[in-house]
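Below is one structure, written out as structure tokens; the observations come after it.
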Amino acid sequence: MTSLLKSFVLPAAAFTLALGAGVASAQPVAQTPLSQPVQASGSVNPSRPSSCGVLGNSAVQVLQVTQDFAAVDIAVNGTSGLTLLIEGTNGFSECHTGGGGSINAPGLLNQGTYSFFVGNSSQTPTSYNLTIREN
């Protein structure tokens, strides 16, 4: 085997092992302080009923706040009926709705880990663009 081929075989084997262990399906994790805004986009097929509309099955973004607190601006744009559920440390849960397909949610997050779930007021496939900025 040539050295070039070997350099691709070992990383590919490690990637295959990571897929089997579920690592590749983990949600992106951002950590404060944020030097750049965090951006995530895509689409979800809401199927999990909640008090915040019908959500996708997994978080679209995870944010780990490492300092005592972080002042953040959260913006989501997407399909009409858009919902955003933020779940965090110590039972934190906050629901935001955007009837016109736009949500702006400034706030303070205490130290801990926060998961961002996108959904819709109905079971409609939902496109989204999520941006998290630290002030």
I'm trying to understand the selection: among the residues of region 87-126, which are touching a residue at least 60 places away in the same chain (Cβ under 8 Å) and more than 23 Å from Gln31 (Cβ to Cβ)? Gly119, Asn120, Ser121, Ser122, Gln123, Thr124, Pro125, Thr126
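Return yes or no: is Gly112 within 11 Å of Gly81 (Cβ to Cβ) and touching a Gly at 6+ places or on another chain (Cβ under 7 Å)? So that I can check it myself, show each step before the final result.
Working: within 11 Å of Gly81 (Cβ to Cβ): no; touching a Gly at 6+ places or on another chain (Cβ under 7 Å): yes.
Answer is no for this residue.
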Taking Gln27 as meeting all but one of (1) outside any strand (DSSP E or B); (2) at pLDDT 95 or above, write down the number of the exception. (2)
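For the structure I just gave you, tell me whether Leu84 is under 15 Å from the mean Cα position of the chain (by Cα) and of a type outside the set (D, E, K, R). Break it down stepwise before answering.
Values: under 15 Å from the mean Cα position of the chain (by Cα): yes; of a type outside the set (D, E, K, R): yes.
Here the answer is yes, as Leu84 does meet what is asked.
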Please report, ordered by residue number, the strands (runs of 3 or more DSSP E) entirely within region 55-135 with at least 2 residues that are among the hydroxyl-bearing types (Ser, Thr, Tyr). 93-98, 102-120, 126-134
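The values are calculated or read from the model by the stated rules, or taken from the named source; none is laboratory data. Computed from a prediction, not measured in an experiment: that's the story for all the values here. Positions of Cβ are generated from backbone atoms using ideal geometry, with glycine treated the same way; all protein chains shown enter the neighbour counts.
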